[in-house]
Amino acid sequence: MSRAWAHIRYWARSSCALLFMLLVAGLARAQEPPNVLLIILDDANDWIGVLGEHPQARTPRIDALAAEGTLFTSAHAAAALCNPSRTSFMTGISPARSGVRINKAQRWRDYLPAAVSLNQAFRSAGYEAVGLGKVYHGGRTNNDRANWDDYRLQPDSASPPARQIPLNGFDEITRGGPGGGDWGVIDAPAEAIEDHIVATWAEEFFAGRSADETRPFFLAVGFRSTHPPWYFTQAYFDAIAGGNTDDVVLPPMLGSDLDDAGPVARHFAAPDTWAPIVGDPAALRLAVHSYLAGLHFMDEQVGRVLDALGAAGHADDTIVVLLSDNGYHLGEKQTLHKQKLWEEATRVPVVVRIPERYLPGTVDRVDMPVSLSAIYPTLLELAGIPLPGYAGDDPLYRIDYRSLVPLLQGDAANWADAAVTYGPGEDVSIRLPEHRYTLYRDGFQELYARSTDRHEWHNVAGDPAQALFLGRLASDAQHYLANEHAPFGLPERCTAPRLDAGGQPGLFAWQDCTAGPRQAWRIRVTGGDTGGPHRYAGGIEAAGGVNNVAPIRLEGDDVVDSSTAFDLAADAGDVDGFNFSLPADGDPCLVLRE
């Protein structure tokens, strides 16, 4: 008998808390647990060299890391802003559920007092948890200090004398505008810049670990060089376009880009505010030049940390994850900055490098859309740490994201093809492989056919030919906003997933939405190519006072009208399963246990 717990697939459209009482996949079992190095970039968009979005981006160390691991080419933040994005990927809880939507005046612990943070989960599992630089947003007041073994706050960084600010000449935007910041060349050594100091701390961490240290480490390193102000020495500007700002390539832009955008989108784009920069090619080239210089500087610091990891002898026992909290506009959509629901602000680089002994057979790249916040359950699964259990299954603390481990191993057959990003209000954007759909708080809709409009220049939501598609996406968006959705990564659909009886074994559950007023459900187990029966035991529970019945074995098309336990076994290449139904107002939960 074989139990392939790592390949469970489950789908349900309900508000019921999902209770997965599983044996942890234990990918690191029977060996020392992996160390974890989490590198968090700030405002780094998709101009990373290996993603090919800007021809002058220089990120050789990040590109080399991607060549050694798995590159996620369509990863998207749960929010295009630091605090809600970081809160989500450090807790696994979406901004819609937590209520953390903005940066100011929202300390995430006030909203999620019982949440088990990523560093907290690793520390509770016996890891040495250390944070360096910007991990959470908010400096001294928002960094989960009680759940680190050691945490070093962001250091001061080199900047020009106050009398020289702003270097870019835009005083109103730099000092009083929407966080535009300043940029330009400064006369200071690289060692005085924030990210160089943080990288030095990381080097000291590795150098200071005792050779007989038995605890694994969880080390989070936060770099900020792509977050304004962009102040760097001349050498880093010289590395871009030969140091000649006039030769810097501007991103593709369309002058009428916002003509088909709605009021909320235009408000956050603030084109009038940014017009002095976006409308002046010379000024915009200096901004792009400064951003690319910061990206190159940050890449160099990433390389220093990776070199220190290798020099300490930990390259082969450490899972490395590199990500950015959100993207950044640099002229596209007639705007700068972030906090928008377009590709430039939602898409982020994500690289995962896993030593072969912890997860054999990882793929080189994943192209389907995924949520950045799936990093939380992914790292816990890779380390063999169970997801946190919250008292009373409080829906506030439901982990909203599915582990990326199946995708890392090339199993994409039953993965949802969407990533969801929330705005600062009741706004939500759904990124599909071929489309982006956004529903704003005022009801305005955007639909971009990215297969033919990769820059999202033409909103086709008003096209009558898109009416049915738009209606389905609008319904999905309402479910996301109301938290009535399957965990992200699990298909939102009312049809059977692909049942590959001869391929990977697994358990599948879905709702038959054509079955009338009662909720008709289907559960199937596939045998795969296992040598013996592939077996799952568990139960189905529903709200409304339905009692469990004694465990029974269900076969074929047996139908039950109450909560039940089940025991399913499928031989190699076979399918075993059953159907069941609930009252229309029933809330199903699938419980799996040994």
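May I ask you to derive the FRET efficiency for V575 and V249 from their Cβ-Cβ distance with R0 = 41 Å, giving the value to the nearest 0.05? Rounded to the nearest 0.05, the efficiency is 0.15. Between D500 and A275, the modelled label-to-label distance comes to 5.4 nm, taking each label 7 Å out from Cα in the direction of the beta carbon.
Maximal additional length on extending the A283-D453 stretch stands at 58.5 nm, based on 0.36 nm per residue less the C-alpha distance.
Stretching S124 away from A413 to a fully extended chain increases their span by 100.6 nm, per 0.36 nm per residue minus the current alpha-carbon distance.
Straight-distance candidates among the lysines for linking to K134, with alpha-carbon spacing under 17 Å and chain neighbours fewer than 8 residues away dropped: K104. From its DSSP helices (H runs of at least four residues, each -39,500 (n - 2.57)), the chain gives a residue-normalised ellipticity at 222 nm of -6500 deg cm²/dmol.
Here, P(r) means the percent of Cα pairs in each 20 Å bin from 0 to the largest distance; for the chain it is 20, 53, 24, 3. In a reduced charge model with +1 at each Lys and Arg Cβ and -1 at each Asp and Glu Cβ, the chain shows a dipole moment near 940 debye about its Cα centre. Here the chain carries DSSP beta bridges of which approximately 60% are antiparallel, counting only pairs with both residues inside.
Over the stretch 131-253, the Kirkwood radius and the radius of gyration, each from Cα atoms, give a ratio Rg/Rh of 1.05.
For the pair E426 and D558 in one chain, pulling the backbone fully straight at 0.36 nm per residue adds 43.2 nm over the alpha carbon distance.
Here the average projected area of the convex hull drawn through the C-alpha atoms of the stretch 341-479 stands at 10.4 nm². Distances between every pair of Cα atoms in the stretch 381-455, grouped in 5 Å steps from 0 to the bin holding the largest one, split as 3, 11, 15, 15, 18, 17, 11, 7, 2, 0 percent.
The value obtained for the stretch 195-298, namely the Cα convex hull volume divided by the number of residues, is 153 Å³ per residue. Once both labels are positioned 7 Å from their Cα atoms along Cα-to-Cβ, the gap between Y390 and A465 label points is 4.4 nm. Its Kirkwood hydrodynamic radius, worked out from the mean inverse distance over all distinct Cα pairs, puts the stretch 309-375 at 14.4 Å.
Surface composition of the stretch 21-143: carbon plus sulfur atoms hold 51% of the accessible area, using a 1.4 angstrom probe and ignoring ligands, DNA and RNA.
Note: the stretch 237-376, Cα convex hull, 142 Å³ per residue. Membrane-span-like helices in the chain (whole DSSP H runs, Cα extent of at least 24 Å along the helix axis, mean Kyte-Doolittle hydropathy of at least 0.0): 281-311. Computed over protein heavy atoms with a 1.4 Å probe, the accessible surface of the stretch 336-430 works out to 28 Å² per residue. Annotation: the stretch 60-216 has a Kirkwood hydrodynamic radius of 18.6 angstrom, from the mean reciprocal C-alpha pair distance.
Solvent-accessible area assigned to carbon and sulfur over the stretch 212-351 amounts to 49 percent, based on a 1.4 Å probe.
The values are calculated or read from the model by the stated rules, or taken from the named source; none is laboratory data. Here the structure is a predicted model, which means the values were calculated and not measured. Ideal geometry is used to build each Cβ from the backbone, glycine not excepted, and the neighbour counts take in all protein chains shown. The protein model used for the area step is the full one, side chains on, heavy atoms only, and it has no ligands, DNA or RNA in it. Shrake-Rupley method; radii C 1.70, N 1.55, O 1.52, S 1.80 Å.
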